[in-house]
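S.K.: What follows is a single structure, and I will ask about it in a moment.
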Amino acid sequence: MNIDIEEFVGRYVAVWNETDPERRRAAVTTLWAANGVEFTDAAEYRGHPALWARVTEAHEQLVQGRGFVFRYAGDAVGHHDIIRFTTYMLPAAGGDIVWTGFVVVRLDDEGRILSDHQFGDPPAADAATGNQPSTRTVVNEFLRRSGDGDPERIAQLYAPEVDWRVDWPVEHHPAIPWIRPRSTRAHVADHHRTFGEVCPPAEGRVSLDHLMIDGNDAILIGTSSQLVKPTGKRFVMTFALRLVVENGLITRHHMYEDSLAVAEAFNQP
């Protein structure tokens with residue numbers, strides 16, 4: 001492998017922190033081959049336009065929006081055309097690590113990325129048992145990651161196949177882009193990505209009034225206030241969310257919400 005591994009990984013981590021859009025775009029085209037692809041648990045991004053959008057979205061949500069920064073763990077190893085390393089996400093102002101990413105990349109002959117596989121950290125094991133994380137542990141992590149607003153990291157908390165349901169049919173409300181049939185982890189990421197595109201996270205407010213846990217079941221009751229970007233209208237609604245956790249992953253997601261309030265916010269003035 002005729003490259004400086006430490007220099008390469010430094011550039012890889014730096015692109016997620018880059019504040020200037022043009023330098024970020026240039027860094028993406030330098031790091032990834034034109035046909036390069038990044039794989040996560042829930043999605044894939046092929047080619048420079050998709051990769052640039054992926055990096056930009058992560059930067060705007062996590063670095064610019066939430067005040068986090070990405071750091072290299074200093075553990076890169078590589079041989080032939082493969083490099084493996086670890087990244088951390090933590091508050092830029094100082095504090096504990098909030099996410100660990102394990103990255104495996106395959107390079108072409110020019111040292112650019114052909115494939116990039118990212119593995120996010122699962123919920124921590126339950127402190128009392130040392131086994132699979134408890135329902136409360138997973139739900140608390142769900143709330144934390146939802147607050148961070150990263151669709152990929154939220155989706156990592158779900159099983160590969162998910163029993164997903166909301167309380168109103170898509171055919172009656174075709175204008176609501178996130179109301180769609182869902183059944184997989186990739187669908188979960190798409191749901192949160194779509195929701196964030198239509199309702200900017202910086203304009204949203206969610207308050208949790210009650211959290212009830214009974215075995216594998218969790219019921220969350222709260223209020224959500226969101227600005228609908230296409231119309232400029234805001235909706236405020238009470239919701240009830242039922243989550244079922246099995247083997248440390250969410251297997252059921254049933255959302256009950258004020259669909260009329262949401263639909264009215266999508267009506268053009």
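S.K.: Taking the stretch 81-105 as the region of interest, how many residues are of a type in the set (Val, Ile, Thr), more than 19 Å from the chain's Cα centre (by Cα) and surrounded by 15 or more Cβ atoms within 10 Å (Cβ to Cβ)?
M.R.: 2
S.K.: Can you say whether Ala218 is among the aliphatic types (A, V, I, L, M), assigned by TED's automatic domain parsing to the domain that holds Ala175, over 24 Å from Arg182 (Cα atoms) and in contact (Cβ under 8 Å) with a residue 60 or more places away in the chain, as far as the supplied structure shows?
M.R.: no
S.K.: Just give me the residues in the stretch 43-80 being over 18 Å from Thr19 (Cα atoms), among the charged types (D, E, K, R) and over 16 Å from the mean Cα position of the chain (by Cα), in sequence order.
M.R.: If the condition is that a residue be over 18 Å from Thr19 (Cα atoms), among the charged types (D, E, K, R) and over 16 Å from the mean Cα position of the chain (by Cα), then Arg46, Asp75 are the ones that fit.
S.K.: Also: Pull out all pairs, ordered by first then second residue, where Cβ-Cβ is under 9 Å, the residues are six or more apart or on different chains, the first lies in the stretch 155-166 and is in a strand (DSSP E or B), and the second is surrounded by fewer than 14 Cβ atoms within 10 Å (Cβ to Cβ).
M.R.: Listed pairs, sorted by first residue: Ala159/Glu246; Ala159/Asn247; Glu161/Ser183; Val162/Ser183; Asp163/Ser183; Trp164/Pro181; Trp164/Ser183.
S.K.: Also: Any chance you could count how many residues in the stretch 45-99 are without any contact (Cβ under 8 Å) to a residue 24 or more places away in the chain and among the hydroxyl-bearing types (Ser, Thr, Tyr)?
M.R.: Residues flagged as without any contact (Cβ under 8 Å) to a residue 24 or more places away in the chain and among the hydroxyl-bearing types (Ser, Thr, Tyr) within the stretch 45-99 amount to 3.
S.K.: Regarding Pro177, is this residue closer than 26 Å to Glu44 by Cβ, in a loop (DSSP other than H, G, I, E, B), touching a helix residue (DSSP H, G or I) at 6+ places or on another chain (Cβ under 6 Å) and not assigned by TED's automatic domain parsing to the domain that holds Ala42?
M.R.: Spelling it out, Pro177 is indeed closer than 26 Å to Glu44 by Cβ, in a loop (DSSP other than H, G, I, E, B), touching a helix residue (DSSP H, G or I) at 6+ places or on another chain (Cβ under 6 Å) and not assigned by TED's automatic domain parsing to the domain that holds Ala42.
S.K.: Give me a count of the residues in the stretch 182-210 that are touching a Lys or Arg at 6+ places or on another chain (Cβ under 9 Å) and either at positive phi or not in a helix (DSSP H, G or I) (or both).
M.R.: Here the count works out to 3.
S.K.: Next question. On the given criteria, is Gly147 buried (at least 17 other Cβ atoms within 10 Å of the Cβ) and under 24 Å from Thr100 (Cβ atoms)?
M.R.: When the stated conditions are applied, Gly147 does not pass them.
S.K.: So, one more: Counting just the residues of the stretch 211-260 that are of a type in the set (Asp, Glu) and assigned to a strand (DSSP E or B), which one comes out nearest to Ile154 (Cα to Cα)?
M.R.: Selected residue: Glu246.
S.K.: If we scan the stretch 221-234, do we find a residue that is crowded, with 16+ Cβ neighbours inside 10 Å, in contact with a Gly (Cβ under 6 Å, 6 or more places away or on another chain) and over 23 Å from Arg136 (Cβ atoms)?
M.R.: Checked the stretch 221-234: at least one residue is crowded, with 16+ Cβ neighbours inside 10 Å, in contact with a Gly (Cβ under 6 Å, 6 or more places away or on another chain) and over 23 Å from Arg136 (Cβ atoms).
The values are calculated or read from the model by the stated rules, or taken from the named source; none is laboratory data. Quantities reported herein were computed from a predicted structural model and do not represent experimental measurements. Reconstructed Cβ throughout: ideal geometry from the backbone, glycine too, with neighbour counts over all protein chains shown.
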